[in-house]
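Student: One structure, as structure tokens, below. Some questions next.
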Amino acid sequence: MKIIGTGSVLPKKIVTNDMLSEFLDTSDAWIYPRTGIKYRHVISDEKLEDMAAEAARKALEDAGMKPEELDLIICSNVVNEYITPSLSCIIQGAIGASCPCLDINCACAGFIYALDIAESHFQAGKVKNVLIVCAEEPSRMTSWKDRSVCVLFGDGAGAAVLTAGDNIKGIKLSAASATDKLYQKRVLEPTPYITKEEESIPLQMKGQDVFKFAVKASSGDIKFLLDKLGLKADDVNWYLLHQANMRIINSIRDFLDQPAEKFPTNVESHGNSSSASCPILLDECSKKGMFKPGDILALSAFGAGFISGAVILEW
Ligand code: UT7
């Protein structure tokens with residue numbers, strides 16, 4: 001399997017740290033040093049499904065592929081306005097594809113998990129071309145009165161088109177259940193029979209626990225793959241890490257003892273866009289012409305669950 005096209009879309013509304021301090025007890029002086037975020041893109045009048053379809057169209061155009069050539073669409077999404085049908089079905093219709101499609105919810109690690117599912121389909125000989133779309137609106141999950149959470153996130157969609165090839169060198173997935181560290185709950189429709197107490201709770205996060213898990217899991221997943229493939233950290237040309245927090249990225253970089261130039265970032269201007277963060281970064285770097293054929297890329301992401309995953313691939 002190999003990536004032959006990428007695309008991404010961001011909402012037009014830009015929210016700076018100073019704009020947040022107009023209604024929250026926060027400041028750029030607190031947010032930027034702790035997170036590396038200066039501003040983020042937040043959905044206003046856009047629909048997430050339209051952004052997802054647009055990212056998919058861009059990735060198909062980049063790949064020079066028609067929607068009818070797709071054999072599978074995988075959409076990674078934590079939440080959107082539709083409970084059903086799946087976002088992948090909506091994308092399928094919007095782009096004019098006719099292949100099977102499925103959604104996954106693997107939190108911020110969704111792109112890596114989607115790559116793993118796609119790779120299994122290629123290895124089983126079930127597909128020739130696959131589209132992955134990661135579309136997320138975490139701004140709709142947080143309470144905008146909770147300064148400890150809402151300042152961290154931004155919205156967006158990223159997509160990748162995959163075709164046959166042997167460019168995926170290894171994938172490592174991990175999970176360590178810790179469901180009280182990062183979660184959101186919602187109340188479903190009432191029935192005449194429900195007797196249990198229920199409440200909707202916006203996204204809650206134990207920030208320091210998430211931080212520690214992120215550094216340990218991401219460093220561990222990448223090291224596992226390097227060892228398995230007989231590679232050294234120096235052999236990787238580019239590290240594309242989940243864009244959650246600059247301090248997490250720097251800690252993983254310290255562990256790997258690699259120069260900052262190998263770690264492209266967009267957390268400064270995007271915030272954490274959950275599973276969309278890796279494919280958006282991949283698209284932006286690809287469109288800047290940063291990757292040469294034969295470059296080794298390591299992608300790694302972590303999120304609620306806790307779950308994490310990494311992939312090493314040849315561009
Ligand atoms: O995909 C995974 C998503 N999550 C992450 O990547 C988050 C990982 N965690 C982190 O990056 C850090 O834990 C945070 C940036 C979220 C928080 O930094 P911290 O240094 O761990 O701060 P803290 O939670 O220990 O809070 C320190 C203080 C508290 O005040 P007190 O109790 O010491 O008076 C907070 O209330 O900072 C306060 N605080 C804020 N102050 C201004 C928390 N959020 C804010 C804020 N502005 N936005």
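The values are calculated or read from the model by the stated rules, or taken from the named source; none is laboratory data. Just so it is clear, the model here is predicted, and its values are computed rather than measured. Cβ placement follows ideal geometry from the backbone for every residue including glycine, while neighbour counts extend to all protein chains displayed. Remember, those area values only see protein heavy atoms, side chains included, never the ligands or the DNA or RNA. Shrake-Rupley method; radii C 1.70, N 1.55, O 1.52, S 1.80 Å.
Student: Counting only protein heavy atoms and using a 1.4 Å probe, what share of the accessible area of the range 12-86 belongs to carbon plus sulfur, as a whole percent? Numbers along the way, then the final one.
Tutor: Details: 1970 of 3930 Å².
Ligands and nucleic acids excluded, carbon and sulfur give 50 percent.
Student: To check my understanding: the extent here is largest minus smallest coordinate of the Cα atoms along each principal axis. What are those three numbers for the range 182-315, in Å, largest first?
Tutor: The Cα atoms of the range 182-315 stretch 61, 30, 24 Å along their principal axes.
Student: Then there is this: Tally up the carbon and sulfur contribution to the accessible surface of the range 224-315 as a whole percent, 1.4 Å probe, everything protein left in place. Mind dumping the intermediate values first?
Tutor: Details: 1660 of 3230 Å².
Accessible surface attributable to carbon and sulfur in the range 224-315 totals 51 percent.
Student: Bin all alpha-carbon pair distances of the range 32-171 at 10 Å intervals from 0 and give each bin's fraction as a whole percent.
Tutor: All Cα pairs, binned at 10 Å, distribute as 12, 40, 31, 14, 3 percent.
Student: Compute the accessible area per residue over the chain, keeping the other protein chains in place, probe 1.4 Å, unit Å².
Tutor: With all protein chains present, the chain gives 45 Å² per residue.
Student: Let me ask something else about it. Given the range 1-100, report the % of alpha carbon pairs whose separation exceeds 16 Å.
Tutor: Percentage above 16 Å: 65.
Student: Need one number: the % of Cα-Cα pairs in the range 63-143 sitting beyond the 22 Å mark.
Tutor: Working: 784 of 3240 pairs.
For the range 63-143, the share of Cα pairs beyond 22 Å comes to 24 percent.
Student: Within 10 Å of each candidate Cβ there may be at most 14 other Cβ atoms; applying that plus a DSSP loop requirement, which trypsin sites (Lys or Arg not before Pro) in the range 74-159 survive?
Tutor: Filter output for the range 74-159: K126, K128, K145.
Student: Using the crude model of +1 on Lys and Arg Cβ and -1 on Asp and Glu Cβ, and no other charge, please compute the dipole size for the range 1-140 relative to its Cα centre, in debye to 20.
Tutor: Values: 13 positive and 20 negative charges, 61 e Å.
About 300 debye.
Student: Another question about this same structure. For the chain, what relative contact order do you get, as a whole percent, if you take Cα pairs closer than 8 Å and at least 6 residues apart?
Tutor: Averaging sequence separation for qualifying contacts and normalising by length gives 26 percent for the chain.
Student: My understanding is that a pair violates if its Cα-Cα distance is over 28 Å; which of K2/K212; K58/K228; K12/K288; K38/K181 do that in this structure? Don't skip to the answer; put the middle values down first.
Tutor: Details: K2/K212 32 Å; K58/K228 34 Å; K12/K288 20 Å; K38/K181 25 Å.
Beyond 28 Å: K2/K212; K58/K228.
Student: Using the Cα atoms as the points, what is the convex hull volume per residue of the range 112-151 in Å³?
Tutor: 74 Å³
Student: With N set to the number of residues, divide the alpha-carbon radius of gyration of the range 150-193 by 2.2 N^0.38 Å and report two decimals.
Tutor: Numbers: Rg = 19.0 Å, N = 44, 2.2 N^0.38 = 9.3 Å.
Taking the Cα Rg and dividing by 2.2 N^0.38 Å, one obtains 2.05.
Student: For the range 82-127, divide the Cα radius of gyration by the Kirkwood radius and give the resulting Rg/Rh value with two decimals.
Tutor: 1.00
Student: Roughly what percent of Cα-Cα pairs across the chain reach past 36 Å?
Tutor: 14 percent
Student: What number, rounded to the nearest 500 deg cm²/dmol, is the helix-based mean residue ellipticity at 222 nm of the chain, given -39500 (n - 2.57) per DSSP H run of at least four residues and division by all its residues?
Tutor: -10000 deg cm²/dmol
Student: On to the next question. Taking just the alpha carbons, could you work out the radius of gyration and Dmax for the range 109-226, both in angstroms?
Tutor: Spelled out, the Cα radius of gyration and Dmax of the range 109-226 are 18.6, 55 Å.
Student: Could you check how much of the accessible area of the range 88-172 is carbon and sulfur, as a whole percent, using a 1.4 Å probe?
Tutor: On the way: 1450 of 2970 Å².
The computed percentage sits at 49.
Student: Rounded to whole Å and sorted largest first, list the principal axis extents of the Cα atoms in the range 66-108.
Tutor: 28, 18, 13
Student: On to the next question. Please list, in chain and number order, the residues 5+ apart from S76 or on another chain whose amide H is under 5 Å from its amide H, with Hs placed from the backbone.
Tutor: Correct list: I104, V133, C134, A135.
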